[in-house]
Structure formats: C-alpha cells, structure tokens
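What follows is one structure encoded as structure tokens, with my remarks underneath.
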Amino acid sequence: MSGFKERIFSGAQPTGNLHLGNYLGAIKRWVELQDDHECIYCVVDMHALTISPDPAELAQATRELTAAYLAAGIDPKKNMVFNQSRVIQHAELAWVFNCIARIGWMSRMTQFKDKAGKDRENASLGLFAYPSLMAADILLYRATHVPVGDDQKQHLELTRDIAQKFNNDYSARIADLGIGVEMAVGDETVTGYFPLTEPMISGPAMRIMSLRDGTKKMSKSDPSDLSRINLIDDAETITRKIRKAKTDADAIPSELDGLAGRAEADNLIGIYAALSGISKEAVLRDFGGKQFSEFKSSLADLAVAQMSPITQEMRKLIADPAYIDSVLKDGGERAGVIAEQTMKDVRNIIGWLQN
Ligand code: TYM
C-alpha cells in the first residue's frame, strides 16, 4: 500500500508523424483511464528540443499533438492537458535530478545509444539527460502510475531509481520537515517524498511493430511511410498500407502458439486485437484458418472505422489554433499549481533559501 494519492501522468513528443503505435500504445489507453483517475497528459515540447526541430515546426507539431489528444477523446476539462515548457518547474526539478542521477545510469539507456548512434561525442547533453527530465515530468506531480508503450520501460525504471535515491539522500531532512509519505518497498514500509511510480505497460498494443518489418517497432523516424499508419492518413491511405503490409504465405493459426516465429502475422493480429479491444486469442478464434488477404480487408475496415473520426476531428481542431492554445494555457495553469507545491517542498528539502 502506498499513502500517495493515485495520479496518472503521461506524455508524447511533438515531433510529427504521430502513428498508430502512439495511439494504441498510449493515447487510447489514456482515454480509458480518464473516467476514474486524476490524469495529467503533457505535450513534451522540452524533450522535442533534443532533436532541434525548426521553431515553426515545433509550434505546429505541439498544436497537432494536442489536437490528437483531444480528437482521441481526452477531455481537457476533466484532465490537465498542457505543453511542458509552460510549466517551467519541469526544468527546475530536472536540474535537481541531474545532480541525483549517476552518469553510469544514464550511459546504460538504450534509447540514448540508439538515438546518438555512432557519433556519440556529437550528441547533445540534452539527449543524454533526457531521462532525467522525464523523471522530473512524472515526479513533479508525484504521479503513481504512467501508461506508456514498452519502449519507455527502461526510462521508468530509472525514474524509480532517481526517486529512491532522492528519498534516501534526503531522508533525515524529509523526516524533519514531516513531509514524508509511507509506501511499501518489497516487504518493508519506508517513508519518502517521491513515490516509486508504477509503469502501466500491458496488452497487445504495448509494442506495435513496423508494417514492413515485424522485428522493428513502428516509429516516427522510419524512412518508409509504408511502415506506419499515421494519425493524419485518410481512409484510402490506411487501406493501401494495410493491403501492402508484409505477411507470410501461411493461413492464420487458430491458437497463439501458431504465431511463434511469425513476427508480421503476430503484429497484425495484435493491431486488430488492440483496435477492437479484445484479446489476440479471440481474434484467432474468429479468423483461424483464413487467409491473410481476407483478414487484411477486415483489419482495414476496422482501422478506418476507428481512425477516420479521429482524423477528421483532428483536422477540425488544427484549423482552430486559438482554441488549442486556450486548452494548453488552462491545463498549464492547473498543472502549474501542483508543480509549484512540489517545488516548494523540494527547495526546502534540498536547502535552497526561498525567503
Ligand atoms: P514518444 O513521443 O516516443 O511516444 C509516445 C507514446 O507512444 C508509445 N509508443 C508506442 N507504443 C506501442 N508501439 C509503438 N510502436 C510505439 N511507439 C511509441 C510510447 O511508448 C509512448 O508511451 N519519452 C517519451 C515521452 C515522455 C514521457 C514522459 C512519457 C516524456 N516524458 C513522462 C511518459 C511520462 C517519448 O518519447 O514518447
């Protein structure tokens, strides 16, 4: 049991090419969670700076991603929806965490290694420190749960390590100030200021793969547009991409075992399951024994039926930037109140004079 108030935080980067993996792995689940949780959904424009986008493109992508959140069904009144840079305490807490996290921990991050590639010396310090800012995003709101795709797992483990080290390093001070909260760590009950946040990574959508290569994840940066379904694709494009998706020559199996070693087949079944909200087993019960050509046309119909209303609503919202900006401003103001409460405590804990 944890004494922390249950709170959800998640975010996505406004870097263009928002795709079905982002939607099924994250945004669709955020919509489901909003009914019975307090949720904070952020457009992480400070993280996007690590790939140095053009300023006009960054602003546009920030509005487009916000439009996608809203079009998918996130209610901006019920939840807090805002762009990260508006709540500057994210940067302040990230600095504190830069002094908590160890270079060894950061060096193990596979996403940094992938993104920096061979020319590591030339990567920005921001790209290296990225996971520390991500920990700050989450812990600024003392969020207890974070729904994300599987690719963010390592970053969430690091977030827990940072929270734990902060709680340990400052345990005496936290106790003196009387602002610790009890939580269970294994069999023990400990007191700390930050929760050990739980990742929410599960279901058939946690890792949607490329439509061209079932061993690579569906990604914004894949040079082939055929590898992903973009949230902005029209019905005809979605249908064409699904028809061209790589598969094998065998029929669809009736049981999960039959998908072993068939990465592309497994991926398409997973996409169908995630879109329709049923298990992969249930999809196989319906389609077992059929050919992929037949399955693909059902999948295309399903994808178009689900995605088209979202795409249309997104286009409508993008045409009204003043509304989007007002949503971000309002969400930012509400998030800012929580953020400042946390930072007041943190400044006090670490010994920064405030008055
Ligand atoms: P980003 O912008 O790369 O992706 C947004 C969300 O989409 C999920 N996702 C996928 N899920 C399933 N299959 C895929 N192929 C796929 N591709 C992407 C991601 O897992 C993510 O949940 N670092 C984060 C953004 C971030 C964040 C945070 C997230 C910054 N601070 C705090 C949670 C909490 C990122 O780059 O996501």
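Here are the numbers:
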{"read-out": "R173 vs. criteria basic (K, R) and modelled with pLDDT of 95 or more", "value": "yes"}
{"read-out": "Number of the exception - V304 against (1) aliphatic (A, V, I, L, M); (2) farther than 30 Å from L177 by Cβ; (3) without any contact (Cβ under 8 Å) to a residue 60 or more places away in the chain", "value": "(3)"}
{"read-out": "Which numbered condition V283 fails, given (1) among the β-branched types (V, I, T); (2) touching a Ser or Thr at 6+ places or on another chain (Cβ under 9 Å); (3) within 16 Å of the ligand (Cβ to nearest atom)", "value": "(3)"}
{"read-out": "Top-ranked residue of region 5-25 - restricted to ones that are in contact with a strand residue (DSSP E or B) (Cβ under 8 Å, 6 or more places away or on another chain) and modelled with pLDDT under 95, ranked as farthest from N230 (Cα to Cα)", "value": "K5"}
{"read-out": "Hey, L275 within 16 Å of the ligand (Cβ to nearest atom) and not assigned by TED's automatic domain parsing to the domain that holds S293 or not", "value": "no"}
{"read-out": "Some residue of region 122-130 being within 25 Å of M209 (Cα to Cα), free of Cβ contacts under 8 Å to residues at least 60 places away in the same chain, surrounded by fewer than 20 Cβ atoms within 10 Å (Cβ to Cβ) and in contact with a helix residue (DSSP H, G or I) (Cβ under 8 Å, 6 or more places away or on another chain)", "value": "no"}
{"read-out": "Hits in region 65-78 - residues which are of a type outside the set (A, V, I, L, M), surrounded by fewer than 22 Cβ atoms within 10 Å (Cβ to Cβ) and touching a residue at least 40 places away in the same chain (Cβ under 8 Å)", "value": "G73, D75, P76, K78"}
{"read-out": "Subset of region 89-129 (residues that are within 12 Å of the ligand (Cβ to nearest atom) and either farther than 27 Å from S2 by Cβ or more than 21 Å from the chain's Cα centre (by Cα) (or both))", "value": "Q111, F112, D114, K115, L127"}
{"read-out": "Single unsatisfied condition, T144 versus (1) under 24 Å from M46 (Cβ atoms); (2) within 12 Å of the ligand (Cβ to nearest atom)", "value": "(2)"}
{"read-out": "Residue count for region 231-253, restricted to those that are touching a Lys or Arg at 6+ places or on another chain (Cβ under 7 Å) and either of a type in the set (S, T, N, Q) or in a helix (DSSP H, G or I) (or both)", "value": "2"}
{"read-out": "Some residue of region 214-237 being within 24 Å of P309 (Cβ to Cβ), open to solvent by 30 Å² or more (accessible area, probe 1.4 Å), charged (D, E, K, R) and touching a His at 6+ places or on another chain (Cβ under 7 Å)", "value": "yes"}
{"read-out": "Enumeration of residues in region 310-352 that are open to solvent by 60 Å² or more (accessible area, probe 1.4 Å) and not in a helix (DSSP H, G or I)", "value": "A319, D320, W352"}
{"read-out": "Looking only at region 270-324, and only at residues there that are out of contact with any helix residue (DSSP H, G or I) (no Cβ under 7 Å at 6 or more places or on another chain) and of a type in the set (K, R), the one that is farthest from S254 (Cα to Cα)", "value": "K316"}
{"read-out": "Subset of region 32-58 [modelled with pLDDT of 95 or more, part of a helix (DSSP H, G or I) and open to solvent by less than 50 Å² (accessible area, probe 1.4 Å)]", "value": "L33, D45, M46, H47, A48, L58"}
{"read-out": "Residue match in region 23-31 (condition: without any contact (Cβ under 8 Å) to a residue 60 or more places away in the chain, more than 9 Å from the ligand (Cβ to nearest atom) and either within 15 Å of A143 (Cα to Cα) or part of a helix (DSSP H, G or I) (or both))", "value": "yes"}
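The values are calculated or read from the model by the stated rules, or taken from the named source; none is laboratory data. Everything numeric in this text was worked out from a predicted model, so none of it was measured. Cβ atoms come from the backbone with ideal geometry, glycine included; neighbour counts cover every protein chain shown. All accessible areas refer to the heavy atoms of the entire protein, side chains included, with ligands and DNA or RNA removed. Shrake-Rupley method; radii C 1.70, N 1.55, O 1.52, S 1.80 Å.
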